[in-house]
Amino acid sequence: MTAKSLRLLVGGILLVVVLAVLPLFAIDIPGVLPGPTYTPGTLQLLAFALLIAALALSYRMMFGLAGLLSFGHALFFAAGAYGLGMTLEAFGPSDWPSPVVFILSIGITLVLGLVLAATVGSLALRVTGISFAMVTLAFAQAGSVLIRRNPGSATGGDEGLSLDTAHVPTELVGVVDTRNLYWMALGILVVVYLVVLWVEKSRAGHVAEAIRENELRVRVIGQRPYDVKLLVFIVASVLAAVAGMGYLLLQSGAAPRIATADFTLTLLVIVVLGGVGARWGAIVGGIVYTLLDQRLTALAGSDAIAALPDVLRVPLSEPLFILGTLFVLVVLFLPGGIAGLPGRIATGRKQHPVEPEEAVDA
């Protein structure tokens, strides 16, 4: 292990430890957090941010590593949330111990997520480029419509699905146990990161990276791009389902919005905002976007914004306008996202990364 790798390992462990002990301290950041870090409202927001970061990290593996632009990643996140919710509800009153039912429900949901990912991936990967994106979009739209149609009153329709807590551990139920839900979300993020790291460092990960750069060359040397891309697609999708199960437990339910293509586009924005070229970029992007989205919504309805002139009040009262402006600025001035900022500061580079020093106007 090199010195740099050792520093990164120690730094990562220390960061996880800091995040783990965060609920034990009263850290208040006005304008960023709704209250001290030990309060249920703040822990709920931070846990949600960690789950979105885990979901964005799984999407970054598909998009950044293998170059697969999917518009249907939210389908698997929804499969995890709705799958666990419906499985717990299906067991209903049971003579089996609650822990057994809970673990069995998680296992069944994972298997269903795996089967769904293998089915969608095996069909969608028969085409490439924008055609692949459109096929995944079609599956996502079909899933969204199915959830809203509420077949057999299983999904709750537009009202969403409530969590049946009969077999859920009491440590994960209620406002009092928000701290445990925060630690659960942190654990999910760590697991997702380790799996993504393992895949990227594996032989399949190196082949996937080569496929992203030049698929024809990979075919020429005797590799099978379809199999590798399918593997990355399945792993990323199952990780999304894991994040979805965490979301169900955190929110005590699931809403149809998490199955829409719009939600996948949000993930794409998060990954680009954080930086496609780095794993930690997706994590930072997920946390920053979630905090901005939540806090800007509160800011938009504040008296301070209402008192501004119309020319300022109208755009500032729309959180999506501010987020969109931020996204445009990042794309224009930080092509590498937030993750590329330290490198640009260290090198003092001011031109676009793809623009050579000697480039002149035509």
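The values are calculated or read from the model by the stated rules, or taken from the named source; none is laboratory data. A quick note: this is a predicted structure, and the numbers were derived from the prediction, not measured. Glycine gets a Cβ as well: all are built from the backbone with ideal geometry, and neighbour counts include every protein chain shown. Note: accessible area is taken over every heavy atom of the protein model, side chains too, but ligands, DNA and RNA are not part of it. Shrake-Rupley method; radii C 1.70, N 1.55, O 1.52, S 1.80 Å.
Observations, loosely collected:
- Projected label distance in nm at S94 and S122, using a 7 Å step from Cα toward the beta-carbon: 2.8 nm
- Here the 3J(HN,Hα) profile of the range 228-241, calculated from phi with Karplus coefficients 6.51, -1.76 and 1.60 at θ = phi - 60°, is 5, 5, 5, 4, 4, 4, 5, 4, 4, 5, 5, 5, 5, 5 Hz, Gly and Pro shown as x.
- Of the residues A210, T136, S58, the one whose Cα sits farthest towards the positive end of the charge dipole of the range 39-259 is A210 (charges of +1 on Lys and Arg Cβ, -1 on Asp and Glu Cβ, taken about the Cα centre).
- Net charge of neighbours whose Cβ lies under 15 Å from the Cβ of M61, counting Lys and Arg as +1 and Asp and Glu as -1: +3
- For the chain: accessible area per residue (Å², 1.4 Å): 51 Å²
- Which of L230, H167, T109, positive extreme of dipole for the range 39-259 (C-beta unit charges): L230
- Sulfur and carbon atoms: percent of accessible area, the range 228-350 [1.4 Å]: 70 percent
- Remark: accessible surface ordering of Y82, Y226 (largest first) is Y226, Y82, probe radius 1.4 Å.
- ³J(HN,Hα), Karplus 6.51/-1.76/1.60, whole Hz, each residue of the range 88-96, x for Gly, Pro: 4, 5, 5, 5, x, x, 9, 7, 6
- Basic side chains Lys and Arg get +1 at the Cβ, acidic Asp and Glu get -1 at the Cβ, and with that the dipole of the range 256-321 about its Cα centre reaches some 240 debye.
- Carbon-plus-sulfur accessible fraction, the range 163-225 (probe radius 1.4 Å, protein heavy atoms only): 59%.
- Positive minus negative residues near G83 (Lys, Arg vs Asp, Glu; Cβ under 15 Å): -2
- Extending 7 Å from Cα along the Cβ direction at A3 and again at Q223 yields two label points whose distance is 3.2 nm.
- Residue-averaged [θ]222 nm for the chain, counting only DSSP H segments that reach four residues, each worth -39500 (n - 2.57): -22500 deg cm²/dmol
- Distant-in-sequence amide contacts of G253, defined by a placed amide H-H separation under 5 Å and a gap of 5 or more residues or a different chain, comprise L163.
- Amide H contacts under 5 Å for Y38, placed H, 5+ residues apart: I27
- Rounded to the nearest 20 debye, dipole of the chain from Cβ charges on Lys, Arg, Asp, Glu: 980 debye
- Cβ-based net charge around Y289, under 15 Å, with every Lys or Arg adding one and every Asp or Glu removing one: 0
- A cut-off of 5 Å between modelled amide H atoms, ignoring neighbours fewer than 5 places along the same chain, links V173 with no other residue.
- Cβ-Cβ distance of L146 and L326, R₀ of 25 Å, FRET efficiency by 1/(1 + (r/R0)^6): the value works out to about 0.15.
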